[in-house]
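Since the structure comes first, as structure tokens, the remarks are kept for the end.
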């Protein structure tokens, strides 16, 4: 039993260290292919529908869906960026003179620095643009082939080395990742819609900008919508505007209830992440990798858990 315990501990250390090294050094190399895999997973049902139901050639279907997907992403991002720019500019213009001037000077100073940097480092700028273009093209081409060869890849996964372990990890990651992303997108959207509606009711000119920002902040467990809404509500009460204070507080309550009700229902109760392990994995991921660690932390925990599953069961048996 003692040997089993030490063997379990040694393997846990090795697996944990290996997962960290892979995420630290190999993940950036495989990022375009991982994103391509996600895109392929999103567009495959549409491609299948066009190919089987509407009898459209598979290659044409894949290219058409990828083009539409990219166009929608670019158009949506462009529209949101433009609206945020307009409302952000209007917000700066509406600030008191001294504060507004400081904000405008800050923006202009950084704009000039950015232009100066781009002009001085032309080769760096060109290299960055080329790298971005290569990344995007690699990702989209990979998404095409992953979608086209999806059946072959699925068959190969059954016979590849360590097929059981790899497939179990992939299945678990798909389950956790899909549930997490779906939950966050739905909760963020609900939060943003509720905030924008509430801010329009109090006739705030920057409702769209602030609503999107609050919805985005609500995705981070250690920040949340309350970091803006609660102080804002208190401020309105403090200056005597009880109506706006009550509306903002009500918006916060609705956002809080929506997250507490929707997130568990969407993610379910059996994806293998207990509340305490979720917090630990989120914090360690953030400490090691920064903001992206909010995703990498839980993913790393799931991988380690799946790789150690057999050893953990064996250890539990020896204890009995």
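Numbers below:
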{"read-out": "Theoretical gain in end-to-end length, residue 160 to residue 202 [0.36 nm per residue, Cα-Cα removed]", "value": "9.2 nm"}
{"read-out": "Full-stretch length increase - residue 292, residue 49 - with 0.36 nm per residue and alpha-carbon distance subtracted", "value": "84.1 nm"}
{"read-out": "Residue exposure sequence - 195, 255 - by fewest surrounding Cβ within 10 Å", "value": "255, 195"}
{"read-out": "Extended-chain gain in nm, criterion 0.36 nm per residue less alpha-carbon gap, residue 11 and residue 170", "value": "55.2 nm"}
{"read-out": "Label-to-label distance, nm, for residues given as residue 151 and residue 216 (7 Å Cα→Cβ offset)", "value": "4.3 nm"}
{"read-out": "Computed label-point distance, nm, for sites residue 70 and residue 126 using a 7 Å Cα→Cβ extension", "value": "2.3 nm"}
{"read-out": "Against the rule of thumb 2.2 N^0.38 Å, how large the Cα Rg of segment 216-255 comes out", "value": "1.18"}
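Coordinate-derived values only; no laboratory data. Quantities reported herein were computed from a predicted structural model and do not represent experimental measurements. So basically every Cβ, Gly included, is an ideal-geometry build from the backbone, and we count neighbours across all protein chains shown.
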